[in-house]
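> Below you will find the structure I want to go over with you.
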């Protein structure tokens, strides 16, 4: 386990509990793909001040190459979390935490517009 | 000259038991005042029933006899109603009695078809035989022109429609107008002469066939005559069919008008459904656009964090940059690559070089390279941050989403409205209306097809006429015996036909001018607009208002149209061959007080005997008396006894 | 409306046709025209109008010969 944690992840996944939220978020937010929805969830987590950490049992869903083909995601996470040595592990954690934040149960869809438009201008 | 002496009613509509009124001998107006539901229209219908055995309700629909028996009387056991009309016509006294009772064998009548309406006509106290009675009645007041004598707001509405010239009622009303004006004698003569001419031509052909010299032409002529007969009967049949179809079209239009509200609801629903479909399409497009725009939405969420990171990275970049630069300069000076200091431009002495070298080992080669790597990393992240910031456009996203929400709300509102309309539409009404529209379209198509057929037949008849004329001309050169006499008859018939044809046109023209002049006269008396100078008549007896400056008044208010329609009816009365009383039910429509007074003033000029049915609010008795003065002959009230019992009371 | 006016109107159909006859068809006998009109007058229903018309025409055609 320690060995695993020393190297950054090559794949990113969501927990089985978050799969449902991801699907709902993708549909409610009219995202072209679940990857985009997951990035949105990640941003929401960052914006909500979620602390660093790791998510266990996320499984494998995407290769990091698909999630971050131009490396921008990694660069941004590194910029926002200086000294982070395993940015993709953090990305995965933030995505899952964001999805958890979006979870309103079965009945209500994730409040995409509310989150999006609560965005303050700098 | 037809004049009403009295009308007796028994259990007719609201008029329970036996009731009657007399109309005075003197020329003038009799006014019946009655509130709504008291039986004004029933009184008008009493005349219709007596004369034609018909009772007409709203929308020109026949009223069931079953519903015309006074309700209270029926509850008390009455099973029949009766109307008796005493009139004078051409110096003779007539008494017309029409009774409606259940058909024999009907124990409990339940509907219109369970009744029969019989009448008998007495002249000078003697009952006329049935056939003669029918002829006399037809002579006294033909049903077709009764509309000019017994009329109401609906008739005026028909005229208003006529003014627009876009209804199928036009030709029908024109015919009725020509009938009342006395044109039928002429047109019947003309048509009968045409038939006589055809017969004469056929006899010429027959005579020609009897002679060796002319047989060939005779045969040709004979077959042309036969062809003409076939074509003519085709034409006749087609025109009859056309007439029936046009009547059907009018009936359907009537029906559709009555269901107008339903139709407008259906139209509205269809329109809304169309709008919803369009909105849904635009919503889909909008969603696609949003879908594209949502890809960088995540950076919009953390825009402040990104911006803050940019600031710290810029600082870091500057720090690293200056450290790297400083190290490079020192290194270069220590190695003696440069003679002078790049900052102060003074030559660096060997002592100074040694001092620098002494400083350098603490910042080894490795540390310098680490700084360089870090600088590159900072720059890479800075580039990524700036790229994300550039893409993050929360305002554009907000606009897209707001727009989408607005459209969704619109769809929701419209769908709710569609549901609301759906509740008001019964399944039947919708199907019926759809059926009516289908039927209407089909009738319109059939009419178009028949009209084409008629046109083609008319063309063939014209060609036939040309051939016949040619052969007649050749035959004329080969004159002989019997043919000579037939030809003289034919020529005379032909000349006579031409004479009547021209006379019909001339007379119709004169009539139109007379009606136009009279209608203008009445119009000037009725209108309260001094700038309206006259009316101009068209071929269908439609009328256009002409302004004082000679220009047409294209758009008219409902009130103005009502006045024009009244002017036309008055002018027709004035020019009718048949003179009689007029019975008018609520002729004021939406006219204002000024117009109402004027109409009342003009009434005595429209006919010798006028019966006016009004309610007091539309024509207060004081105003009627003031407008009519000495020409007001008597006043009656329709007084309520109960909801279903009205008494005629002289005031 | 006076009786004179009515008489005038009733006469106007005959007047009109007489005007056309005298101006444009002087060769046609005036009485024949009136007879035709009478045969088709309002309210008179005659079953044998066609025959009467033919006979009237035949009689005048023979006379004018």
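> Which one of A:51, A:41, A:23, A:72 is closer than 23 Å to residue B:305 by Cα, without any contact (Cβ under 8 Å) to a residue 24 or more places away in the chain and in contact with a helix residue (DSSP H, G or I) (Cβ under 8 Å, 6 or more places away or on another chain)? Please lay out each step first, then the result.
On the way: A:51 fails: in contact with a helix residue (DSSP H, G or I) (Cβ under 8 Å, 6 or more places away or on another chain); A:41 fails: without any contact (Cβ under 8 Å) to a residue 24 or more places away in the chain; A:23 fails: closer than 23 Å to residue B:305 by Cα.
Result: A:72 is the single residue among A:51, A:41, A:23, A:72 that is closer than 23 Å to residue B:305 by Cα, without any contact (Cβ under 8 Å) to a residue 24 or more places away in the chain and in contact with a helix residue (DSSP H, G or I) (Cβ under 8 Å, 6 or more places away or on another chain).
> Of (1) closer than 14 Å to residue A:8 by Cα; (2) more than 11 Å from chain B (Cβ to nearest Cβ); (3) modelled with pLDDT of 90 or more, residue A:62 satisfies all except one. Which?
Unmet condition: (1).
> Still on this model: Say whether the condition of being modelled with pLDDT of 85 or more, surrounded by fewer than 16 Cβ atoms within 10 Å (Cβ to Cβ) and within 30 Å of residue A:117 (Cβ to Cβ) is met by at least one residue in segment B:259-276.
Scanning segment B:259-276 turns up at least one residue that is modelled with pLDDT of 85 or more, surrounded by fewer than 16 Cβ atoms within 10 Å (Cβ to Cβ) and within 30 Å of residue A:117 (Cβ to Cβ).
> Is there a residue in segment B:409-423 that is more than 30 Å from residue B:239 (Cα to Cα), within 14 Å of chain A (Cβ to nearest Cβ) and under 43 Å from the mean Cα position of the chain (by Cα)?
First, pick out the residues of segment B:409-423 that are more than 30 Å from residue B:239 (Cα to Cα): B:409-423.
Okay, now just the ones that are also within 14 Å of chain A (Cβ to nearest Cβ), so B:409.
Retained after the next criterion (residues that are under 43 Å from the mean Cα position of the chain (by Cα)): B:409.
Within segment B:409-423 (the criterion being more than 30 Å from residue B:239 (Cα to Cα), within 14 Å of chain A (Cβ to nearest Cβ) and under 43 Å from the mean Cα position of the chain (by Cα)), the answer is yes, since at least one residue qualifies.
> Considering only segment B:44-63, how many residues are farther than 21 Å from residue B:34 by Cα, surrounded by fewer than 16 Cβ atoms within 10 Å (Cβ to Cβ) and out of contact with any strand residue (DSSP E or B) (no Cβ under 8 Å at 6 or more places or on another chain)?
3
For (1) within 11 Å of chain B (Cβ to nearest Cβ); (2) surrounded by 15 or more Cβ atoms within 10 Å (Cβ to Cβ); (3) within 25 Å of residue A:107 (Cβ to Cβ), each residue gets a yes or a no:
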residue: A:19; (1), (2), (3): no, yes, yes
residue: A:32; (1), (2), (3): yes, yes, no
residue: A:35; (1), (2), (3): yes, yes, no
residue: A:39; (1), (2), (3): yes, yes, no
residue: A:45; (1), (2), (3): yes, yes, yes
residue: A:75; (1), (2), (3): yes, yes, no
residue: A:83; (1), (2), (3): no, no, no
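> For segment B:539-566: of the residues being out of contact with any strand residue (DSSP E or B) (no Cβ under 7 Å at 6 or more places or on another chain) and loosely packed, with under 15 Cβ neighbours inside 10 Å, which is nearest to residue B:587 (Cα to Cα)?
Residue satisfying both the conditions and the ranking: B:558.
> Condition test on residue A:23, is it over 12 Å from the mean Cα position of the chain (by Cα) and surrounded by 20 or more Cβ atoms within 10 Å (Cβ to Cβ)? If you could, list the steps in order and put the result at the bottom.
Values: over 12 Å from the mean Cα position of the chain (by Cα): yes; surrounded by 20 or more Cβ atoms within 10 Å (Cβ to Cβ): no.
Taking the combined requirement at face value, the residue does not satisfy it.
> Can you pull out every residue in segment B:297-310 that is assigned to a helix (DSSP H, G or I) and touching a helix residue (DSSP H, G or I) at 6+ places or on another chain (Cβ under 7 Å)?
To start, the set of residues in segment B:297-310 that are assigned to a helix (DSSP H, G or I) comprises B:297-301, B:303-310.
Selection gives B:297, B:298, B:299, B:300, B:301, B:303, B:305, B:306, B:307, B:309, B:310.
> So, in segment B:268-296, of the ones that are within 14 Å of another protein chain (Cβ to nearest Cβ), free of Cβ contacts under 8 Å to residues at least 12 places away in the same chain and assigned to a helix (DSSP H, G or I), which residue ends up farthest from the chain's Cα centre (by Cα)?
Residues of segment B:268-296 within 14 Å of another protein chain (Cβ to nearest Cβ): B:283-296.
Now drop any that are not free of Cβ contacts under 8 Å to residues at least 12 places away in the same chain, which leaves B:284-285, B:288, B:291-292, B:295.
Filter again for assigned to a helix (DSSP H, G or I), leaving B:284-285, B:288, B:291-292.
Numbers: B:284: 39, B:285: 39, B:288: 44, B:291: 49, B:292: 50 Å.
Looking at the filtered set, the residue picked out is B:292.
> Same structure again: Is one or more of the residues making up segment B:322-341 surrounded by fewer than 12 Cβ atoms within 10 Å (Cβ to Cβ), touching a strand residue (DSSP E or B) at 6+ places or on another chain (Cβ under 8 Å) and either part of a helix (DSSP H, G or I) or at pLDDT below 80 (or both)?
yes
> Another question, if that's okay. Grab the strands (runs of 3 or more DSSP E) fully contained in segment B:60-142, keeping just those with 3 or more residues being at negative phi and free of Cβ contacts under 8 Å to residues at least 60 places away in the same chain. Quick ask: steps written out before the conclusion?
On the way: elements: B:81-89, B:92-102, B:115-123.
Of the strands (runs of 3 or more DSSP E) lying wholly inside segment B:60-142, those with at least 3 residues that are at negative phi and free of Cβ contacts under 8 Å to residues at least 60 places away in the same chain span B:92-102, B:115-123.
> Please work out which one of (1) farther than 22 Å from residue B:307 by Cβ; (2) in a helix (DSSP H, G or I) is the condition residue A:110 fails and give its number.
Every listed condition holds for residue A:110 apart from (2).
> Given the options C:19, C:60, name the one that is more than 7 Å from chain B (Cβ to nearest Cβ), at pLDDT 85 or above and over 28 Å from residue B:134 (Cβ atoms).
On the way: C:60 fails: more than 7 Å from chain B (Cβ to nearest Cβ).
Only one candidate passes the filter, namely C:19.
> I'm trying to understand the selection: among the residues of segment B:205-259, which are outside any helix (DSSP H, G or I) and within 18 Å of the chain's Cα centre (by Cα)? Give the derivation first.
So in segment B:205-259, the residues outside any helix (DSSP H, G or I) come out as B:210-214, B:259.
Within segment B:205-259, B:259 is the sole residue that qualifies.
Residue by residue, here is whether (1) touching a residue at least 24 places away in the same chain (Cβ under 8 Å); (2) crowded, with 17+ Cβ neighbours inside 10 Å; (3) within 14 Å of chain C (Cβ to nearest Cβ); (4) under 27 Å from residue C:53 (Cα atoms) holds:
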| residue | (1), (2), (3), (4) |
| --- | --- |
| B:428 | no, no, no, no |
| B:433 | yes, yes, no, no |
| B:449 | no, no, no, no |
| B:460 | yes, no, no, no |
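Every residue, every condition in (1) part of a helix (DSSP H, G or I); (2) surrounded by fewer than 21 Cβ atoms within 10 Å (Cβ to Cβ); (3) more than 9 Å from chain C (Cβ to nearest Cβ), yes or no:
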residue	(1), (2), (3)
B:466	yes, yes, yes
B:470	yes, yes, yes
B:476	yes, yes, yes
B:484	yes, yes, no
B:489	yes, no, no
B:500	yes, no, no
B:503	yes, no, no
B:508	yes, yes, yes
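> Hey, does segment B:385-403 have a residue that's more than 32 Å from the chain's Cα centre (by Cα), outside any helix (DSSP H, G or I) and surrounded by 12 or more Cβ atoms within 10 Å (Cβ to Cβ)? Steps first, answer last, please.
The initial filter retains those residues of segment B:385-403 that are more than 32 Å from the chain's Cα centre (by Cα), namely B:385-403.
Those still in the list that are outside any helix (DSSP H, G or I) too: B:392-393.
Restricting the remaining residues to those that are surrounded by 12 or more Cβ atoms within 10 Å (Cβ to Cβ) gives B:392-393.
Scanning segment B:385-403, I find at least one residue that is more than 32 Å from the chain's Cα centre (by Cα), outside any helix (DSSP H, G or I) and surrounded by 12 or more Cβ atoms within 10 Å (Cβ to Cβ), so the answer is yes.
> Across segment B:513-522, what is the number of residues that are modelled with pLDDT under 90 and either surrounded by 17 or more Cβ atoms within 10 Å (Cβ to Cβ) or closer than 17 Å to residue B:201 by Cβ (or both)?
At the first step, the residues of segment B:513-522 found to be modelled with pLDDT under 90 are B:513-515.
Those still in the list that are either surrounded by 17 or more Cβ atoms within 10 Å (Cβ to Cβ) or closer than 17 Å to residue B:201 by Cβ (or both) too: B:514-515.
Residues flagged as modelled with pLDDT under 90 and either surrounded by 17 or more Cβ atoms within 10 Å (Cβ to Cβ) or closer than 17 Å to residue B:201 by Cβ (or both) within segment B:513-522 amount to 2.
> Just to be sure, is residue B:18 assigned to a loop (DSSP other than H, G, I, E, B), surrounded by fewer than 18 Cβ atoms within 10 Å (Cβ to Cβ) and in contact with a strand residue (DSSP E or B) (Cβ under 8 Å, 6 or more places away or on another chain)?
Numbers: assigned to a loop (DSSP other than H, G, I, E, B): no; surrounded by fewer than 18 Cβ atoms within 10 Å (Cβ to Cβ): yes; in contact with a strand residue (DSSP E or B) (Cβ under 8 Å, 6 or more places away or on another chain): yes.
In short, no.
> Sticking with this one: Applying the selection to segment B:532-555, what residues are in a loop (DSSP other than H, G, I, E, B) and under 15 Å from residue B:520 (Cβ atoms)?
From segment B:532-555, those in a loop (DSSP other than H, G, I, E, B) are B:538-542, B:548-551, B:554-555; that's our starting set.
Passing the criteria: B:538, B:541, B:542, B:548, B:550.
> Still on this structure, please answer the following. Residue by residue through segment B:148-163, note down the ones that are within 16 Å of residue B:41 (Cα to Cα) and either assigned to a strand (DSSP E or B) or modelled with pLDDT under 70 (or both).
B:150, B:151, B:152
The values are calculated or read from the model by the stated rules, or taken from the named source; none is laboratory data. Bear in mind the structure is a predicted one, so any value in this text is a computation, not a measurement. In this analysis, Cβ positions are derived from the backbone assuming ideal geometry, glycine residues included, and neighbour counts consider all displayed protein chains.
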